[in-house]
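Presented below is the structure to which this report refers.
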Amino acid sequence: MGQPLLSLRGLTKAYPGVVANDDVSFEIGRGEIHALLGENGAGKSTLVKMIYGLVKPDAGQMEMAGSAFAPSEPAEARRAGVAMVFQHFSLFDALSVAENVALGMETPAKTRDLARQIREVSEAYGLPLDPYRTVGTLSAGERQRVEIIRCLLQDPRLLIMDEPTSVLTPQEVEILFETLRKLRSEGTSILYISHKLEEIRALCDTATILRLGQKVATCTPAETTARELAEMMVGSSFATPAAKTTTPGEVLLETRQLSLPAPDAFATPLRAVSLSLRAGEVLGIGGVAGNGQDELLAALSGERLAPRGTIFFKGGDVSRMGPVVRRDAGLLSGPEERLGHAAAPNMSLVENGVLTAARREGLVRNGFIDWSGAARFSERVIERFDVRTPSAQTAARALSGGNLQKYVIGREILQNPEVLVVNQPTWGVDAAAAAAIRQALLDLAAQGAGILVISQDLDELLEISDRFAALNEGRLSEARPVAELTIEKIGLMMGGAHDMEVADAQP
Amino acid sequence: MDLSSISPVLLLASVMVSATPILLAAIGELVVEKSGVLNLGVEGMMITGAVVGFAVAVNTGSPVPGFLAAALASAILSLSFGLLTQVFLSNQVATGLGLTLVGLGLSSLIGKPYEGMKSPTLPRLDLGPLSDLPVLGRMVFSHDIMVYLSLALVAAVWAFLKYTRAGLILRAVGESHDAAHALGYKVVRVRLMAIAFGGACAGLGGAYLSLVRVPQWTEGMTAGAGWIALAIVVFASWRAGRVLIGAYLFGGVTVLQLNLQAAGAAVPVALLSASPYLITILVLVIISARGAHGAPASLGRPFHASA
């Protein structure tokens, strides 16, 4: 391939208490899609931030096309031809598409010319976009287009993409891959960060695997199995959840034509959602982020009360009952946002345990909290779910995302729910921890509980669900047995590529 | 009651004078809040501007150095707020309230020797034929330069935020400091500049009170104008044009109720005195009731680069 575009030699970066990158070296060729693979905390983002000039390495050198490259700020990296599509934190909801694009450029053209350029580039790469729309009103896939186009307008030599497909439908993923292949054929190099192994095998030419800040291997993903890649990431083999063999029992949870208006301007209303969940069954609900997942969870948990006669638990109408009553009855839930919704960040694990388990676990006596009982309950969760924490008295915010997720899900599972509703149970959790959480959910179902899993990770839903339904703009499709489904069918259930969406009558 | 004693021309003319201090403070605070910082110390910065402006104008015998000194003093005071909140990450609400208390205390200390004095004031501009126009000339075209400067400042802030790249960056910082930081913009620097601008505007507003509107120094003379400026920014949905409406409305009702009191209207004085506050807030609530409220998404949230 001749001289590489970017070569990294011995990059090291340490933060107090942790070495984020330890002597990492690899090369990215011209016109190559290079995967950067690793668990959360493996040091992927630190490495990328060094290439993009947001973080300065403690040691090591970078070379861009043969000359030394040490960007001290993103503007310098952009001038050298590095562009980055971020996973979070890089769009401004209240600003228009054109303004967002202008902010990511060094010397943007006048708004009118820029709008024309955006239209041209977006059409050339099959990513239609209106430059004057407010970003807050766009779907997740469209927001990503904004970021990609912002990068493409600068003719980058190296495009960095951080977990780009986590918010896309399968059809949108296909469109994105076409765009990336087209860029590769034009000679652009791409550094593609992901933990979705099948995608990397389908798209990338080379993969570099990081574990605990160190490079483990550089390999050709097409010649390596997904399992081998995963084991290199984790460093050991781990159990895939065992298939289960229970037959569904009576209906535990049912919604009938549940409609709720959107709570605020950027939220989604629920439109006539009907579902039923039986004992011993896992019902998976897929869909692209922002199509009513949070709203459905809030309606089922009791955070938002629903109209009378829409939600039934074990045959009784619970529509107008709050979360406490529903929890007492055995309907438990775990929301998506770990910090701030599922757990109070500044409170200890014990205190967070009391917050949801106080009544079911009998941790309150005569209005006083039984702290020793609460500590025992937290210890049980920590032990049973292998939560890595200095102690049960540690503040929730001090735990890594995966460990806190294990704690908040484990906390609900150990309360023996009859129905457990969880949203994104393994979001941002490493592969081994995710497998443990999925196994725990399956075990709970095997004991006769009904599990409703809302997730954007299709592989996860296909792995653990008995039936699958998709949320699209607040409507829930009919639930179908997973065995009958293909990825294409699921994509269509999720609304297909959002531009091809068939309009239907508003209720 | 003798309503005929109220002259509409004089009434409208005094509205512009009465609204100017609040307009200046509010347009400055608008820029601060657009950058994502909530500075509740407007009242303290205004009164500091009032006393410093008064003292300097008395000592130099000219109002212009007074205004300059007022802007400078309040900008420096606001930068102490900026240092605490942006560098040392103190709580913005508590620090802003502290700034108000410091400003009130500091101003009465500095102002003690100047009580009862009279200051040189700004001359009315002679706009030639414009000032000679019937009715309009008296109403609109015969004020001092600060009235027109404040209006120009509103237009400038509006254009700055809407059309310039620097304005776009400022809005971006207020909208999402994490995203702005990820793109390489200097969040803290942008916010410090906005805070200093807001301080300078509040100082000018305060000096206008003590040098033109009243014009003398009395302790606590801002009498809540800074709080009204803050409220106007919120109810104006963070838009420059609506800040202008809010400030003039407040100024207008203030002048009107004073005239009504003087004319002996059969309404309790307390109610009349409260009316500018009530009416301004009511009208702005109605304006902003529909549609998005447009608060900058990062308003009041602390920013730390490593987070």
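The values are calculated or read from the model by the stated rules, or taken from the named source; none is laboratory data. Not measured: the values here are computed from a predicted model. All Cβ positions, glycine included, derive from the backbone under ideal geometry; neighbour counts span all protein chains shown.
Below are the figures for this structure:
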{"item": "Neighbours by Cβ (under 9 Å, 6+ apart or cross-chain): first from the range A:72-86, in contact (Cβ under 8 Å) with a residue 60 or more places away in the chain and at the interface with chain B (Cβ under 9 Å from one of its Cβ atoms); second buried (at least 20 other Cβ atoms within 10 Å of the Cβ) and among the charged types (D, E, K, R)", "result": "A:Met84/A:Arg78; A:Met84/A:Glu147; A:Met84/A:Asp162; A:Phe86/A:Glu147; A:Phe86/A:Asp162"}
{"item": "Answer residue from the range A:42-57, given it is in contact with a strand residue (DSSP E or B) (Cβ under 7 Å, 6 or more places away or on another chain) and aliphatic (A, V, I, L, M) and is surrounded by the fewest Cβ atoms within 10 Å (Cβ to Cβ) among those", "result": "A:Val55"}
{"item": "Failed criterion for A:Tyr192 (all others in (1) modelled with pLDDT under 90; (2) under 22 Å from the mean Cα position of the chain (by Cα); (3) not β-branched (Val, Ile, Thr) hold)", "result": "(1)"}
{"item": "Those residues of the range B:181-190 which are within 10 Å of another protein chain (Cβ to nearest Cβ), in a helix (DSSP H, G or I) and within 21 Å of B:Leu38 (Cβ to Cβ), in sequence order", "result": "B:His181"}
{"item": "Considering residues of the range A:282-301 that are surrounded by 23 or more Cβ atoms within 10 Å (Cβ to Cβ) and assigned to a loop (DSSP other than H, G, I, E, B) only, the residue nearest to the chain's Cα centre (by Cα)", "result": "A:Gly287"}
{"item": "Whichever residue in the range A:87-97 is surrounded by fewer than 24 Cβ atoms within 10 Å (Cβ to Cβ) and more than 7 Å from chain B (Cβ to nearest Cβ) and, among such residues, is modelled with the highest pLDDT", "result": "A:Ser96"}
{"item": "Given (1) aliphatic (A, V, I, L, M); (2) in a helix (DSSP H, G or I); (3) under 23 Å from B:Val58 (Cα atoms), index of the condition B:Met221 fails", "result": "(2)"}
{"item": "Pair list, Cβ under 8 Å, 6 or more apart: the range B:190-214 residue among the basic types (Lys, Arg), other residue surrounded by fewer than 24 Cβ atoms within 10 Å (Cβ to Cβ) and outside any helix (DSSP H, G or I)", "result": "B:Arg191/B:Phe303"}
{"item": "Among (1) surrounded by 16 or more Cβ atoms within 10 Å (Cβ to Cβ); (2) free of Cβ contacts under 8 Å to residues at least 24 places away in the same chain, the one test that A:Pro16 misses", "result": "(1)"}
{"item": "Selection from the range A:339-365 of residues that are on the phi < 0 side of the Ramachandran plot, without any contact (Cβ under 8 Å) to a residue 24 or more places away in the chain and not assigned by TED's automatic domain parsing to the domain that holds A:Thr426", "result": "A:Glu351, A:Val354, A:Leu355, A:Ala358, A:Leu363, A:Val364, A:Arg365"}
{"item": "When residues of the range A:322-341 are limited to those that are part of a loop (DSSP other than H, G, I, E, B) and in contact with a Leu (Cβ under 8 Å, 6 or more places away or on another chain), the one surrounded by the fewest Cβ atoms within 10 Å (Cβ to Cβ)", "result": "A:Gly322"}
{"item": "Top-ranked residue in the range A:98-125 [being over 27 Å from the mean Cα position of the chain (by Cα) and outside any helix (DSSP H, G or I); ranked as nearest to the other protein chains (Cβ to nearest Cβ)]", "result": "A:Pro108"}
{"item": "From the options B:Ser298, B:Ser288, B:Ser275, B:Ser237, residue that is modelled with pLDDT under 90 and touching a Phe, Trp or Tyr at 6+ places or on another chain (Cβ under 7 Å)", "result": "B:Ser288"}
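Residues are listed down the side, and each one gets a yes or a no for (1) in a loop (DSSP other than H, G, I, E, B); (2) more than 14 Å from chain B (Cβ to nearest Cβ); (3) touching a residue at least 12 places away in the same chain (Cβ under 8 Å):
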| position | (1), (2), (3) |
| --- | --- |
| A:Gly53 | yes, no, yes |
| A:Lys56 | yes, no, yes |
| A:Leu127 | yes, yes, yes |
| A:Arg150 | no, no, yes |
| A:Leu159 | no, yes, yes |
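Per-residue answers, yes or no, for (1) within 14 Å of chain A (Cβ to nearest Cβ); (2) touching a helix residue (DSSP H, G or I) at 6+ places or on another chain (Cβ under 6 Å); (3) among the hydrophobic types (A, V, I, L, M, F, W, C); (4) part of a loop (DSSP other than H, G, I, E, B):
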{"site": "B:Asp126", "(1), (2), (3), (4)": "no, no, no, yes"}
{"site": "B:Ala152", "(1), (2), (3), (4)": "no, no, yes, no"}
{"site": "B:Val157", "(1), (2), (3), (4)": "no, yes, yes, no"}
{"site": "B:Ala179", "(1), (2), (3), (4)": "yes, no, yes, no"}
{"site": "B:Met193", "(1), (2), (3), (4)": "no, no, yes, no"}
{"site": "B:Phe197", "(1), (2), (3), (4)": "no, yes, yes, no"}
{"site": "B:Gly203", "(1), (2), (3), (4)": "no, yes, no, no"}
{"site": "B:Gln216", "(1), (2), (3), (4)": "no, no, no, yes"}
{"site": "B:Gly226", "(1), (2), (3), (4)": "no, yes, no, no"}
